[in-house]
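Data block below; observations after.
The values are calculated or read from the model by the stated rules, or taken from the named source; none is laboratory data. This is a predicted model, so every value here is computed, not measured. Using ideal geometry, Cβ is built from the backbone for each residue, glycine included, and neighbour counts are taken over all protein chains shown.
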Amino acid sequence: MKYVFTTLGLGLFASFSAWAAPNDLYLQANTFTKNDTALSLGIDAVNDTIDFLEIRESEGVSGSAGDYTGAHVHLTHKLSPAWELEGNYWHREIDYAKDTNTISSPLIAVRYTPDFNLEKNDALTFRLSAWGNFSDEIKKSTPTQLQNRTLEKIVVQDAKDWQLQLDSIFTRKIDHMNMVNFFTTIGYSKVEVDQLNLQGKVNGCLMDLQIQSNNKYTGQLSQPCQLGNLLIKELNASGDANEFGIDIQKDLNYDAFYAGFGGSWNWRYRQFESQLAYQYQRLWRKDIDDRISNFGASPIKDNHSLGLKLNYDFTPRVRGFIKGEIYQHNLVGYVPFLYNGVTASRLDKKYGLASLGVTFHGF
């Protein structure tokens, strides 16, 4: 049972392929048009119809596993020529078989643009943000086959992560049609899971098991159990989850530091504007990657991301947009609580996301 319980969440988390994080890919210190306030509303989705590049199929995901619908809102407000506030919120609903799992992802940030007497077409901005992902529970109620054992149900209680991040962003307008952006990122991340609930067989009997944040577990018989000629109607168990090879404080709760860089190219023609973007991120985690290596899996320590955003100005104050993003290693670094000692070996997969929305300027 030791290895079973250290890998119990693989099938659950790896099936979800439609979560996103702050729009770091599209960071820029300047724009072609000047506006003091902007409100952006969008819907996000992933399914077989939207996945025209067949990324899910190439990674072995079939049917409705990981189908996602969600929405996001993004608000920016310039307080002065040097200071700007930013707030984002994402709501996500991910279907998996009989379950619908919900994640909330807020962000708040402040931007500072100092007067460095740069060239008139150059801008340098610093951005400090706090953001995270939160879910009351992530559940998979259908059977999961792991290491020749069947887990009937997996529930992760109160999964969350939060990040404190600092970005430096440089933008240069080449001409009235072209602009390039470069950014660097450093940050601190903390991942926490409150409790792990399982339903699986222990010594031939189906048990409901609860592993608490202090790594103590309790268990109760899920249904009457026949052992030989003996019918057992009541059975309780308790102890330390290290008996099963799991340590919540090292396998699901951890601290990390991360750094990254990226850039994008904006091209504008009349009312149309495109932005092609790239980002690289590297992560350094405490304890967890060593434990993943000990379990025979390869830690995922970085991620590459590509994005394309297309905008059209219907009026000077109303802009429509559509964007698509591709990640090399699922959402490693974007939704940190997805990566832990029980999921890492299934996250080394490509992943895509599409969004459609409208932005209101200068209201």
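For the range 211-226, indicate whether the set of residues that are part of a strand (DSSP E or B) and either under 30 Å from Asn117 (Cβ atoms) or aromatic (Phe, Trp, Tyr) (or both) is non-empty. Write out each step before concluding.
From the range 211-226, those part of a strand (DSSP E or B) are 211-212, 216-221, 225-226; that's our starting set.
This time we only want the ones that are either under 30 Å from Asn117 (Cβ atoms) or aromatic (Phe, Trp, Tyr) (or both), so: 217.
Checking the range 211-226: at least one residue is part of a strand (DSSP E or B) and either under 30 Å from Asn117 (Cβ atoms) or aromatic (Phe, Trp, Tyr) (or both).
To keep it simple, each residue is scored yes or no on (1) out of contact with any Pro (no Cβ under 6 Å at 6 or more places or on another chain); (2) of a type outside the set (S, T, N, Q); (3) surrounded by fewer than 17 Cβ atoms within 10 Å (Cβ to Cβ); (4) modelled with pLDDT of 75 or more.
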residue	(1), (2), (3), (4)
Asn30	yes, no, no, yes
Leu41	yes, yes, yes, yes
Ala82	yes, yes, yes, yes
Arg92	yes, yes, no, yes
Thr100	yes, no, yes, yes
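Would you be able to say whether some residue in the range 4-27 is more than 30 Å from Leu206 (Cα to Cα), crowded, with 17+ Cβ neighbours inside 10 Å, modelled with pLDDT of 65 or more and out of contact with any Ser or Thr (no Cβ under 7 Å at 6 or more places or on another chain)?
yes
Can you tell me which condition Ala277 does not meet? The list is (1) at pLDDT below 95; (2) in contact with a strand residue (DSSP E or B) (Cβ under 9 Å, 6 or more places away or on another chain); (3) surrounded by 20 or more Cβ atoms within 10 Å (Cβ to Cβ), and all the others hold.
Result: Ala277 passes all but (1).
Where in the range 109-200 are there strands (runs of 3 or more DSSP E), lying fully within it, with 2 or more residues that are in contact (Cβ under 8 Å) with a residue 40 or more places away in the chain, touching a strand residue (DSSP E or B) at 6+ places or on another chain (Cβ under 7 Å) and surrounded by 14 or more Cβ atoms within 10 Å (Cβ to Cβ)?
122-140, 149-173
What number of residues in the range 260-308 are farther than 29 Å from Thr33 by Cβ, polar (S, T, N, Q) and not in a strand (DSSP E or B)?
Total satisfying the criteria: 3.
Name the single residue that is nearest to His361 (Cα to Cα) among those in the range 60-80 being at pLDDT below 90 and surrounded by 16 or more Cβ atoms within 10 Å (Cβ to Cβ).
The extreme case among them is Gly70.
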